[in-house]
Amino acid sequence: MSTLSPASQLILKHLSEKIDKQTLIIDPLEAQDLAHPDFLSCEVWSFRDLQLPNTMFIWPEKPNGQYHQAIVFFPKAKEKAKWLLSQLAEILPPEANIYLVGENKGGIKTCQKVLADQLINIHKQASGKHCLLYSAQPNPNATKPAGFNFHQYTIEQKSVNIANLPGVFSFGELDKGTELLLSHLPAEINGRVLDFACGCGVIGAFIAKHYPNTLLSFSDIDALAIDSTRETLKQNQLTGELHLSNGLKKISSKYKYIFTNPPFHTGLKIDYYISEAFIKECGQQLESGGKLYLVANRFLKYPQILQNHFDLVEVIAEDNKFKLYCAYNR
C-alpha cells in the first residue's frame, strides 16, 4: 500500500468493498495510483499516456461498459473538472454514484461549489492523508460546458491562433515563459522541429507558421493537449506529426531543434523526473549539431541537469521569473 498515492489509499480505506468490475476510474495521475489488486477489475478512462494493467480507454476513446459507479481523481484545473463531469454524465446512468478524491491543496475542497451544476447530492464521505473523498450523482439537468477555447496570441507582431481544451496548459492566456521563448527564437529555423510537452501546440504552431522551411512534430503525455494541438493546427491551416507519449519513448525521429516549456509538477509536487529523463534522451533525438531550447522558472534546477547531459549550456534570455536556455553538444 505504501507505493500508492495518498488519494488511492483513502479510496481503498473507505471504498474497497464497493469496488468491482462495474466501477469506472477516471483520470489517475500516475500508474502507481492503481497498483493494487482491488483496482485490477476496474476499467480506466485515462487522459494521459499511462501504462496500466487495467482495461483502459484513452481520450478521445470513450468507455463503453455498464457502470454503476465512477471514481474521479479530481483535477487541479476547475474548468477541467466541470468539463470532465459533463463528459462522464454521457456514459453513466442517472442513478450512478460518483466519488471524487483529491488532495486538500488541489482544489477538491471547492467541489461542492464548483460542480454544483454538474452534480447533485454532493456529500463529504471521508478525509485522511491530506485528502478528501466526496460522493455525488450526475445532474440530469446540467449545462454542458463549452469545449475548445479559441484565442489569438501576438508575439513580436506575429500572430498565431490557439485552440485549448480545459485543463491544458495556458488555457485562456499565454504563459509568460512561453512568451519569453517565442520572443527570442533563432533568426532562422529550418528542418525537423519537435515541440515537446506541447500543451495546446502554441510553440510549434508559431514556428510552423512563421518559419516555413520547417517540419513540425508535437508530443505530450496529455491526450487533451494532443487534441488541442490538433485543433490549433487546423485553425492555422498547418500540419504536423502528433505523438501521445510519456517522454520520448514513442518518438524515433531525429530533430534539428527541440523547443519546450516542460512541466515540473506531478499533481501538486515539484517533479523533475519527466524533464530530467527527457533531457537525458535528447542527445539521442537531436541531429548532430542540433539544439535544445528550454524555458523554465528561474528557481528550478535545470542548469545543472542540462550541464550533466550537454557540452554547452547558454542563457539566451531571462526576466524576473523565467530563464531561456539553449543546450547543445560540440
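No value in this document is a laboratory result; all are computed from the given coordinates. The shown structure was predicted, so the numbers you read here are calculated from the model rather than taken from an experiment. All Cβ positions, even for glycine, are placed from backbone atoms using ideal geometry, and neighbour counts span all protein chains on display.
Some notes on this structure:
- Rounded to the nearest 5, the antiparallel percentage of DSSP beta bridges internal to the range 149-328 is 55%.
- Where labels lie 7 Å past Cα in the beta-carbon direction, separation of residue 127 and residue 234 in nm: 4.4 nm
- Applying 0.36 nm per residue to the separation of residue 320 and residue 3 and subtracting their alpha-carbon distance, the gain on full extension is 110.3 nm.
- Local electrostatic count at residue 311 - Lys and Arg +1, Asp and Glu -1, tallied over other residues with Cβ under 13 Å: +1
- Take the Cα of residue 184, step 7 Å toward its Cβ, do the same at residue 110, and the gap between the two points is 3.2 nm.
- The mean sequence separation of alpha-carbon pairs under 8 Å and at least six residues apart, normalised by the residue count of the range 6-138, gives a relative contact order of 25 percent.
- Amide H contacts of residue 56 (H built 1.01 Å from N, under 5 Å, at least 5 apart or other chain): 44
- When only the Cβ of Lys, Arg, Asp and Glu is charged (+1, +1, -1, -1), the dipole of the chain relative to its Cα centre reaches about 400 debye.
- The per residue volume of the convex hull around the alpha-carbon atoms of the range 149-328 is 107 Å³.
- Equivalent ellipsoid, the range 19-117 (semi-axes from 5 times Cα gyration tensor eigenvalues, Å): 20, 16, 13
- Just so you know, the Rg over Rh for the chain is 0.99, from Cα atoms, with Rh as the Kirkwood radius.
- A Förster radius of 51 Å combined with the Cβ-Cβ distance from residue 173 to residue 281 puts the calculated FRET efficiency at roughly 0.95.
- Note on the chain: antiparallel DSSP beta bridges, both residues inside, total approximately 50 percent of the bridges counted.
- For residue 111, net neighbour charge (Lys/Arg +1, Asp/Glu -1) across residues whose Cβ lies under 15 Å away: +4
- Label zone at residue 273 (point 7 Å along Cα-to-Cβ), backbone N below 20 Å, the range 285-313: 300-302, 305-306
- Computed FRET value (nearest 0.05) for residue 156 with residue 241, which takes r as the C-beta separation and R₀ as 22 Å: 0.25
- Measuring nothing but how far apart in sequence close Cα pairs (under 8 Å, 6+ apart) lie, relative to its length, the range 76-154 scores a relative contact order of 36 percent.
- 21 Å Cα-Cα threshold exceeded, pairs from 82/105; 62/249; 301/323; 78/144; 82/249: 62/249; 82/249
- Relative contact order (%) - criterion: Cα under 8 Å, at least six apart; region: the chain: 12 percent
- Neighbour net charge for residue 232 - beta-carbon separation under 11 angstrom, K R +1, D E -1: 0
- Overall dimensions of the range 186-241, expressed as equivalent-ellipsoid semi-axes from the Cα gyration tensor (√(5λ), whole Å, largest first), are 18, 12, 8.
- Take the Cα of residue 213, step 7 Å toward its Cβ, do the same at residue 148, and the gap between the two points is 3.1 nm.
- Amide H contacts of residue 316 (H built 1.01 Å from N, under 5 Å, at least 5 apart or other chain): 324, 325, 326
- Likely footprinting exposure, 202, 193, fewest C-beta neighbours within 10 Å first: 193, 202
- Gap separating the Cα centres of the range 117-147 and the range 78-97, nearest whole Å: 9 Å
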